[in-house]
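Coordinate-derived values only; no laboratory data. Computed from a predicted structure; not experimentally measured. Here the Cβ positions follow ideal geometry from the backbone for every residue, glycine too, while neighbour counts run over all protein chains shown.
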Amino acid sequence: MSTQLPLMAIRRFCLECQGGSPRSVRICPDAACPLWTWRLAALPGEGPQEEDKTSILRAAFRAVRRQCLACAGHRRDVRTCSAREGCSLWSCRFGVHPKTYKAVRRRFFAPKALSLF
Ligand code: SF4
Ligand code: SF4
């Protein structure tokens, strides 16, 4: 599931955007939407694609990030977005896997060795 996370999130988000109609998602005319090129993306194992899965997922996370910045307007507001279960993109809003974000945050805020020089 974790490798499918951004693609599943985009799928759900697009379906919600189009009132649950897969057909409307397919024919969505809003090519300026950051998720537009991803709205029909095949999940790993679903399609014939044998491209590098990691770079596909990275690009999908970046598309989610762009969507969140367009939605919230500022990085700070994306960070503090309180939508949680109310938005399918919420756990991907930093543009990286949630585990990566948590690990980086932990490292950043970890107590540092005290140096006197
Ligand atoms: S591509 Fe954008 S506008 Fe179109 S269905 Fe998805 S979220 Fe909605
Ligand atoms: S997670 Fe928050 S900022 Fe991102 S699209 Fe959803 S509501 Fe907007």
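Using C-alpha pairs under 8 Å with a sequence gap of at least 6, the mean separation divided by the residue count of the chain gives a relative contact order of 28 percent. Comparing 25, 64, 104 in a Gaussian network model of the chain where C-alpha atoms under 10 Å apart are linked, the largest mean-square fluctuation is found at 104. Judged by the gyration tensor of its Cα atoms, with axes a ≥ b ≥ c, the chain is prolate; a/c meets the 1.5 cut and a/b is the larger of a/b and b/c.
Would you please put 86-95, 65-74 in order of how densely packed they are, using the mean number of other Cβ atoms within 10 angstrom per residue and starting with the highest?
The most tightly packed comes first, giving 86-95, 65-74.
As a rough guide to protection, the peptides 30-38, 75-83 ranked by mean Cβ packing within 10 Å, highest first, stand as 30-38, 75-83. A simple charge model with +1 on the Cβ of Lys and Arg, -1 on the Cβ of Asp and Glu and nothing else charged puts the dipole of the chain at about 640 debye relative to its Cα centre. Taking each DSSP H run with n ≥ 4 as -39500 (n - 2.57) and averaging over every residue of the chain yields -14000 deg cm²/dmol at 222 nm.
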